[in-house]
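Note sheet for the following structure.
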Amino acid sequence: MSEGLGPEGGHSQPAPTITVQDLSDRPAHTPLDRITPAHTLLDGNTPVAQVSGVVVEETSPSSTSSFELVDMEPAPPLYQPVQPHWFYCRRADSKDVWLPFSREDSERLEQALSTGGEVVVAVEGERYDVRVRERQRYAVYWEQGPSEVRRCTWFYKGDKDTRYMPYPEEFSTNLEEAYMIAVTLDEWKRKLDFPSGETVILHNPKLIMQYQPIALQDEWVSSPSEQTRPRTVKRGVDNITAEIPDGEPETIDHLVFMVHGIGPACDIRFRSIIQCVNDFRSASLSLLESHYRRGQEEGRVGRVEFLPVNWHSALHGDATGVDEDIQRITLPSISRLRHFTNDTLLDLFFYNSPTYCQTIVDTVASEVNKLHSLFKHRHPEFTGAVSVVGHSLGSLILFDLLTNQKTGSGEADRDEGRNRDPCPLTCDALEQVLCRMGLQEHLGTLQSVDLDLDSLAMCDETDLTELGIPLGPRKKILSFIRKRHFPQEGRQGTVLLAPGLQAPPDPSEDSPSPTVSFGNQSPGASARQQQFLRAQSITSAVDYEYFDVGIGQVSINYPQLAFHPQTFFAFGSPIGMFLTVRGLKRIDPNYTFPTCKNFYNIYHPFDPVAYRIEPMIVSESDLEPMLIPHHKGRKRMHLELKESLTRMSTDLKNNVLGSFRTAWQSLVRMPVAALPPVEDGETTAERSLQETETPAAACAAVREKSKADLWTKILEWPKALHLHYFQGVHEEAESPGSGEEEGRQVKVGMLNGGRRIDYVLQEAPIESFNEYLFAIQSHLCYWESEDTALLLLKEIYDKLGVAFEQPQQ
């Protein structure tokens, strides 16, 4: 097939003509009343039609004899117009893949096409907009190039293709017109020659083939038979094996923002955050149908919307210029590995840098607020709650953001007023500020857009970049703004602790440390002098002193979110490790996030990046993490067998061996019989005779009883073993919530409202063979984990009062 007819050939074709010739053995006998006005006659017997210019001929019987036997069912008596379905193009693995819209979206697009004019239709849960006249599909919530959209009626598939591909709309129109003529006149075995060289043969309504011209074939084919290998042509989407997705419920119950970790790729297949979130959303829709079916039937369950938050592109974009700076100092050897390190692992170091940490935090907060505002604008009827999800480093970013949120109370406002700089930014003129920084040459640039000190304080790095201010002066201006607005108490060496996040006490506070005096200076002056020298030794304008929460965060200005999250979910999170490295050894059990009352730490048991949180809150008890149940119910079978074998080996060592030891001792040990009292009238000889017979008889009786007990234990041991272990496993499987309920009753602080925080996934059977082999995959498995998605849905709908339903096996 030529380039103009493939999936990539959307440009228009030259107007061809169709010539219909009847070359079969039987004479043509087309009734005049069945010929439409568009038809003409060449010689009185052969009808000719002008159908957009495709040459149509009847092929010889010998060339189609192999196809006549396939399906020769008679065509329907009347022509039925084809039902169109809309598809969109997606680039995957260096090739275009055409995917169908849902039937609801396709019907809306068809209705919009009939109205005419430039119409924009929201599709796929209103995450995309389709401009019908342009045939383009645009993303709403994230940056993504437009993709082509087609109104599809005819499809083709080659021998090596895995799915049917749609023809361009103009080519499909030509095929439909030729098909209409063949059905109306009940004349088949027609050959359609297109100007581009393609040939389509209509053998019968069920058998239509398409051949490529020889000139377009691969000149390296091995045999002539491969040159003439046809493609199967189908009419209508109902005649092909297309997986048409179900439409999404219009009602949105909950909104979730998902923040990725290091690097641009989020899973083992190196997919972006957008693709991973799309898969997570699809998994949640399937779980809602299986676990909340009754709620959907009653109209109490809609769906949960998941939106991705991408901060990596902003950090590594042209605005920061960090990639160019890193590339200049990167060694040329092992270039691919170094590129992967620069693009992925360096994000950890960037987050610990005050300059780039501010960029990352600002990007995440601004992106979340922008998406929240856009979502509220497109869904004004939404009244549900909002939650946040962070994976890997993204969870640490959200943790730091939520730790530094303000509740808006009067006390917080008073604290903010005390920490505010007594000299506001507007007290100095713009010219004086720029001269003091040595940037007076940029005064005209700022004044040309009517910027004063107030408006300059609201500018970010993007605004200054658009004004053409270079990187160096831009960083000076931003540093000056942050320094003037940043609370000064946090820079005086005083560690101010937020409620709950208590830093470990400094043992040096109990005993005064020796001080060094300069001349006649007082110890206080000496301390101030040391602090001044320490401040002068810092090369960055932002100091690494503890922030006001006392957990070793970089001293930056944490922005505020436009909403209060209901729940914070952390996937494969290193939060516990970072808090420990920052110097925090214990979290106060009464601590909660200022604006978020629920927190879940979800991890895979083989994840090398994940760390626990509960031991930092309840250090006196060794709590096992909560096991996340499988989405189909109960534990995985290999975990049940593993626990059973563990208990069996322990019992074999302790109980069974102990029983054998007891039985053996009873066989070899001589029992000591108690001497009976002497009765009245009993002689000494009789008593002596009884004393001689009693030990022998007692010993024989004990031996017989011990042998019987031993053989009884040996014979009944397999049955007891089966009842103890395998029946016990079955009973545990029938009631999997007993252990879970016991774990939930443990109080582990108020970070999750008094409930458990650490939740562990169940490893797959193949992962149990070698945990090192699946370590990296375990850190990237959360986006495709249905167990994780089900835990999120259960937490969300439990708060909405919707009952959870365990599907039947």
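Side notes on the structure shown:
Results for (1) in contact with a Cys (Cβ under 8 Å, 6 or more places away or on another chain); (2) under 26 Å from ARG127 (Cβ atoms); (3) assigned to a loop (DSSP other than H, G, I, E, B), shown as yes or no for each residue.
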{"site": "ARG338", "(1), (2), (3)": "no, no, no"}
{"site": "LEU346", "(1), (2), (3)": "no, no, no"}
{"site": "VAL364", "(1), (2), (3)": "no, yes, no"}
{"site": "THR383", "(1), (2), (3)": "no, yes, yes"}
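- Extreme residue, most open to solvent (accessible area, probe 1.4 Å), among residues of the stretch 307-319 that are of a type outside the set (S, T, N, Q) and touching a residue at least 60 places away in the same chain (Cβ under 8 Å): ALA319
Table: residues versus (1) modelled with pLDDT under 95; (2) aliphatic (A, V, I, L, M); (3) open to solvent by 30 Å² or more (accessible area, probe 1.4 Å); (4) out of contact with any helix residue (DSSP H, G or I) (no Cβ under 8 Å at 6 or more places or on another chain).
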site	(1), (2), (3), (4)
VAL70	yes, yes, yes, yes
TYR79	yes, no, yes, no
SER94	yes, no, yes, yes
SER114	yes, no, yes, yes
GLU118	yes, no, yes, yes
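- Within the stretch 249-261, the residues that satisfy the criterion of being open to solvent by less than 40 Å² (accessible area, probe 1.4 Å) and either touching a His at 6+ places or on another chain (Cβ under 8 Å) or part of a loop (DSSP other than H, G, I, E, B) (or both) are ILE252, LEU255, PHE257, MET258, VAL259, HIS260, GLY261.
- The listed residues are GLY145, GLY116, and the only one of them that is of a type outside the set (S, T, N, Q) and under 19 Å from VAL277 (Cα atoms) turns out to be GLY145.
- Single unsatisfied condition, THR320 versus (1) modelled with pLDDT under 90; (2) under 12 Å from the mean Cα position of the chain (by Cα): (2)
- Looking only at the stretch 372-386, residues that are in contact (Cβ under 8 Å) with a residue 12 or more places away in the chain and within 17 Å of THR251 (Cβ to Cβ) come to 7 in all.
- Matching residues, the stretch 613-644, being modelled with pLDDT under 80, open to solvent by less than 50 Å² (accessible area, probe 1.4 Å) and acidic (Asp, Glu): GLU640
- Residue in the stretch 423-454 that is modelled with the lowest pLDDT, counting only those that are assigned to a loop (DSSP other than H, G, I, E, B) and more than 46 Å from the chain's Cα centre (by Cα): CYS423
- Members of the stretch 564-577 that are farther than 26 Å from ASN369 by Cα and surrounded by 16 or more Cβ atoms within 10 Å (Cβ to Cβ): GLY576
- Number of positions in the stretch 717-770 that are within 20 Å of ASN601 (Cβ to Cβ) and at pLDDT 80 or above: 16
- Residue match in the stretch 98-112 (condition: surrounded by fewer than 18 Cβ atoms within 10 Å (Cβ to Cβ), over 23 Å from PRO249 (Cβ atoms) and either at pLDDT 50 or above or not β-branched (Val, Ile, Thr) (or both)): no
- Selection within the stretch 320-344 - open to solvent by less than 40 Å² (accessible area, probe 1.4 Å), more than 19 Å from PHE270 (Cα to Cα) and of a type outside the set (Val, Ile, Thr): GLY321
- Checked against (1) touching a helix residue (DSSP H, G or I) at 6+ places or on another chain (Cβ under 9 Å); (2) open to solvent by 30 Å² or more (accessible area, probe 1.4 Å), PHE382 passes all but condition (2).
- Residue match in the stretch 222-233 (condition: surrounded by fewer than 18 Cβ atoms within 10 Å (Cβ to Cβ) and modelled with pLDDT of 90 or more): yes
- Qualifying residue in the stretch 538-557 (condition: of a type outside the set (Gly, Ala, Ser), modelled with pLDDT of 80 or more and assigned to a loop (DSSP other than H, G, I, E, B)): yes
- Looking only at residues of the stretch 151-198 that are assigned to a strand (DSSP E or B), in contact with a helix residue (DSSP H, G or I) (Cβ under 6 Å, 6 or more places away or on another chain) and at pLDDT 90 or above, we find that the one that is least open to solvent (accessible area, probe 1.4 Å) is TRP154.
- Every residue from the stretch 774-794 that is open to solvent by less than 10 Å² (accessible area, probe 1.4 Å) and in contact with a strand residue (DSSP E or B) (Cβ under 7 Å, 6 or more places away or on another chain): TYR782, THR788, LEU792, LEU793
- Test for THR407: is it part of a helix (DSSP H, G or I), polar (S, T, N, Q) and more than 20 Å from the chain's Cα centre (by Cα): no
The values are calculated or read from the model by the stated rules, or taken from the named source; none is laboratory data. Predicted, not measured: the structure shown is a model, and the values here were computed from it. Every residue, glycine among them, receives a Cβ derived from its backbone with ideal geometry; neighbour counts consider all protein chains shown. These area figures cover heavy atoms from the full protein model, side chains too; ligands, DNA and RNA do not enter into them. Shrake-Rupley method; radii C 1.70, N 1.55, O 1.52, S 1.80 Å.
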